[in-house]
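Scroll down for the structure; my scribbles are underneath it.
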Amino acid sequence: MAISTPVLEEYAGGTVAREQVGLWRDGFRRLRRNRLALAALVYLTILFVVAIVALFWTPYNPAAILPNTLTFLGPSAAHPLGTDDLGRDLLSRMMQGAQISLIVGVGTSAIVLTVGVVVGLIAGYFRGWIDNVISVFINIFYGIPGILVAIILYLVLGRGLGNIMIAISATAWMDMARLVRGQAFSIREREYIEAARASGARSGKILFGHILPNSLGPIIVQATFVIPIAILTEAFLSYLGLGIPSPLASWGSIASEGYAALPLEPYMMLWPAVALSLTLLAFNFLGDGLRDAFDPRQRL
Amino acid sequence: MTDTVVAPAPRVVPAVEPLLRVVNVVKHFGAGVGSSVKAVDGVSFDILPGETVGLVGESGCGKSTLGRLITQLIPVTSGEVVLDGVDITRLRGEKLRQQRKQLQMIFQDPYASLDPRMTVGDIIAEPLVNFKMISGRAKDARVQELLRTVGLNPYFNNRYPHEFSGGQRQRIGIARALALNPRLIICDEPVSALDVSIQAQIINLLEDLQREFTLTYLFIAHDLSVVRHISNRVMVMYLGKIVEVAPSEDLYTSQEHPYTRALLSSIPVPDPRIESKRRLVELSGEIPSPLNPPSGCRFHTRCPIAQVPGVCADVEPPLELKGDGHLAACHFSEQVRTKIAITV
């Protein structure tokens with residue numbers, strides 16, 4: 001090509017591709033400096049490992065009423081966390097509870113992410129009547145407590161791990177949809193969206209190829225905050241006796257049984273309370289850290 | 001407006017089918033009940049294949065809106081945009097999308113018009129991917145070829161836009177516009193956001209590319225100096241209407257509309273001896289609101305030779321032929337050069 005414009009000196013930055021400082025690298029660098037978020041990350045990693053180990057191995061069968069074992073045992077070498085009201089090993093039950101909590105937390109977050117992002121993108125990008133319908137629907141549900149909707153829906157759907165996630169997602173997706181709608185609303189007006197349309201991009205490409213990647217920071221933060229809410233709601237439902245069907249152990253159901261036994265044996269209540277508190281704190285610290293790292297403008 | 005004027009198509013070389021024919025295009029933006037912003041109010045012109053037409057006017061005159069109407073990024077209120085014999089204002093969906101292959105756009109702001117989350121290679125390849133023209137290794141080769149064509153290092157394809165300077169980014173935008181081998185490129189103030197030293201580079205590049213790929217340009221700018229060298233013809237727009245059209249050199253030597261004369265007088269001359277003899281035609285006041293444009297000639301509120309009260313305030317002047325291929329919309333165009341002095 002006989003183009004007279006040469007590669008000028010100003011491009012002399014070298015031909016070797018430089019290290020990319022993109023959203024991720026930059027975000028994680030800032031996250032690493034946040035001690036609290038880092039500690040939370042370490043704790044959650046351990047928790048995930050425990051939950052995965054519990055899939056294959058627990059010290060005892062968490063559902064089995066062990067022969068020759070006393071009920072309401074305190075911590076001992078054989079049973080580090082003691083035994084419960086039926087003589088089941090509490091450590092094994094707590095490990096299974098961690099599994100349930102994380103499945104519910106991450107699973108709900110995944111449902112919320114999928115539904116909220118799709119609905120939010122459609123409302124924010126197409127606007128008009130479709131946005132009005134979605135917004136009115138969300139605003140109506142904002143007036144009703146989410147926990148009430150979750151309880152009623154769960155009773156209607158019937159018991160089960162999947163149904164618990166659906167019941168919690170039923171209201172939790174709305175916050176995500178609102179957030180994504182707002183993002184789509186502002187990003188659709190950027191010039192690069194116009195440029196994409198001019199170069200023949202269809203709506204789907206604009207939504208998922210341009211608007212979504214550019215609003216990923218706040219979406220990740222929101223998805224992280226959904227996890228502790230879901231864990232807490234599941235524990236609350238199980239505490240009420242509505243949650244995970246017995247003999248599966250959930251931190252909520254262990255706490256419920258422990259509350260009944262509080263005068264006899266305080267440990268049974270203590271373990272799930274401590275585990276829940278630490279986990280909720282850790283997810284919240286991580287969420288805060290991610291928000292500061294990926295979405296510095298939203299810092300409060 | 002009741003008396004919208006359909007201009008006869010001005011042609012430099014007669015008897016060639018125009019590539020783009022804009023016929024009486026109107027764009028009104030709703031602004032509350034019963035009122036609308038008349039951003040583009042009855043504009044007609046032709047662009048011949050291989051031609052560069054400059055479009056000049058101050059901020060808010062509707063020139064960028066006109067560019068977006070031609071590319072159908074926003075729909076017209078009325079009128080036709082005929083590209084190569086097809087009225088694209090009547091096309092919807094997939095048919096309109098297919099027409100975009102012929103018609104690309106270079107945007108004003110090189111910082112805002114590139115997706116910050118995409119690599120330069122992906123940005124340039126996007127039009128190719130959208131039309132499934134090419135993929136895999138052939139696509140990479142095409143991207144590198146395009147980067148080389150616009151004077152960038154072809155191995156920069158995996159970098160992100162924020163790693164480039166304004167001029168380099170505009171080159172990326174140009175490469176994207178070239179990817180589909182379009183026939184017409186709308187350049188929407190492609191150098192307004194750049195340093196003066198970079199402006200010349202980009203304009204030279206656009207000229208080289210035009211020769212290389214037989215491109216046709218509509219070149220939008222807000223001052224006459226930028227479009228002078230690149231354009232075959234220049235159109236001057238004021239408040240949603242075209243007030244003067246002339247072959248480029250003709251417009252710079254003789255103006256038939258007082259607004260054009262005022263715009264021309266505002267260009268500084270880099271020769272101090274000439275500069276000291278220059279006189280600035282000062283226009284009084286701001287550009288009027290397009291919500292409620294002045295009656296008669298829209299320029300009469302700021303015109304140094306307007307007869308108010310009189311014909312200028314009452315009758316809208318039609319865009320008529322004043323010379324060879326030279327059109328202007330002024331009742332007193334013969335007085336423009338005698339009554340408005342731009343040299344001492």
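Hey, any hits in the range A:162-170 for a residue that's within 12 Å of chain B (Cβ to nearest Cβ) and either modelled with pLDDT under 90 or surrounded by fewer than 20 Cβ atoms within 10 Å (Cβ to Cβ) (or both)?
Within the range A:162-170 (the criterion being within 12 Å of chain B (Cβ to nearest Cβ) and either modelled with pLDDT under 90 or surrounded by fewer than 20 Cβ atoms within 10 Å (Cβ to Cβ) (or both)), the answer is no, since none of the residues qualifies.
Go through the range B:28-137 and tell me which strands (runs of 3 or more DSSP E), entirely inside it, have 1 or more residues that are more than 21 Å from the chain's Cα centre (by Cα) and more than 14 Å from chain A (Cβ to nearest Cβ).
Ranges flagged: B:36-47.
Consider A:VAL117 against the criteria (1) within 30 Å of B:ASP115 (Cβ to Cβ); (2) open to solvent by 50 Å² or more (accessible area, probe 1.4 Å): it satisfies all of them except one. Which criterion is unmet?
It is condition (2) that A:VAL117 fails.
Looking at the range A:2-22, is at least one residue within 25 Å of A:SER215 (Cα to Cα) and at pLDDT 70 or above?
Checked against the condition, which is being within 25 Å of A:SER215 (Cα to Cα) and at pLDDT 70 or above, the range A:2-22 yields no hits at all.
Could you tell me whether A:LEU270 is closer than 17 Å to A:VAL226 by Cα and assigned to a helix (DSSP H, G or I)?
No; evaluated as a whole, the condition is false for this residue.
Determine whether the range B:277-290 contains at least one residue that is farther than 29 Å from B:LYS38 by Cα and part of a loop (DSSP other than H, G, I, E, B).
yes
B:ILE186 versus (1) in contact with a Pro (Cβ under 7 Å, 6 or more places away or on another chain); (2) among the aliphatic types (A, V, I, L, M); (3) more than 8 Å from chain A (Cβ to nearest Cβ); (4) closer than 21 Å to B:ILE70 by Cβ: which is the lone unmet condition?
So B:ILE186 meets the others, but not (1).
Residue-by-condition table, conditions (1) free of Cβ contacts under 8 Å to residues at least 40 places away in the same chain; (2) surrounded by 18 or more Cβ atoms within 10 Å (Cβ to Cβ):
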residue: B:ARG90; (1), (2): yes, no
residue: B:GLN104; (1), (2): no, yes
residue: B:PHE107; (1), (2): no, yes
residue: B:PRO116; (1), (2): no, no
residue: B:GLU126; (1), (2): no, yes
residue: B:GLN144; (1), (2): yes, yes
residue: B:VAL150; (1), (2): no, yes
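Test each condition in (1) open to solvent by less than 50 Å² (accessible area, probe 1.4 Å); (2) of a type outside the set (Gly, Ala, Ser); (3) not in a helix (DSSP H, G or I) for A:PRO247 and report the one that comes out false.
(1)
Report, by residue number, each residue of the range A:171-192 that is surrounded by 19 or more Cβ atoms within 10 Å (Cβ to Cβ) and polar (S, T, N, Q).
Result: A:THR171, A:GLN183.
If you go through the range B:190-207 one residue at a time, do you hit one that is under 15 Å from B:GLU51 (Cβ atoms), within 11 Å of chain A (Cβ to nearest Cβ) and either of a type in the set (Gly, Ala, Ser) or open to solvent by 20 Å² or more (accessible area, probe 1.4 Å) (or both)?
Checked against the condition, which is being under 15 Å from B:GLU51 (Cβ atoms), within 11 Å of chain A (Cβ to nearest Cβ) and either of a type in the set (Gly, Ala, Ser) or open to solvent by 20 Å² or more (accessible area, probe 1.4 Å) (or both), the range B:190-207 yields at least one hit.
Out of the residues in the range B:152-165 that are open to solvent by less than 10 Å² (accessible area, probe 1.4 Å) and not in a loop (DSSP other than H, G, I, E, B), which is farthest from B:VAL226 (Cα to Cα)?
Among them, the one singled out is B:PHE156.
Can you give me the number of residues within the range B:252-277 that are among the charged types (D, E, K, R) and surrounded by fewer than 16 Cβ atoms within 10 Å (Cβ to Cβ)?
4
Pick out the one residue from A:ALA177, A:ALA223 that is of a type in the set (A, V, I, L, M), in contact (Cβ under 8 Å) with a residue 60 or more places away in the chain, within 25 Å of A:ALA54 (Cβ to Cβ) and away from chain B (no Cβ under 12 Å).
On the way: A:ALA177 fails: within 25 Å of A:ALA54 (Cβ to Cβ).
The unique qualifying residue is A:ALA223.
Can you find a residue that is within 30 Å of A:SER238 (Cα to Cα) and not in a helix (DSSP H, G or I) anywhere in the range A:127-143?
yes
State yes or no: is A:VAL104 more than 19 Å from A:LEU276 (Cβ to Cβ) and surrounded by 15 or more Cβ atoms within 10 Å (Cβ to Cβ)?
no
The values are calculated or read from the model by the stated rules, or taken from the named source; none is laboratory data. Note that the structure is predicted; figures quoted are calculated from it, not measured. FYI the Cβ positions are ideal-geometry reconstructions off the backbone, even for glycines, and counts take in every protein chain you see. Ligands, DNA and RNA are excluded from the accessible area calculation, which covers all protein heavy atoms including side chains. Shrake-Rupley method; radii C 1.70, N 1.55, O 1.52, S 1.80 Å.
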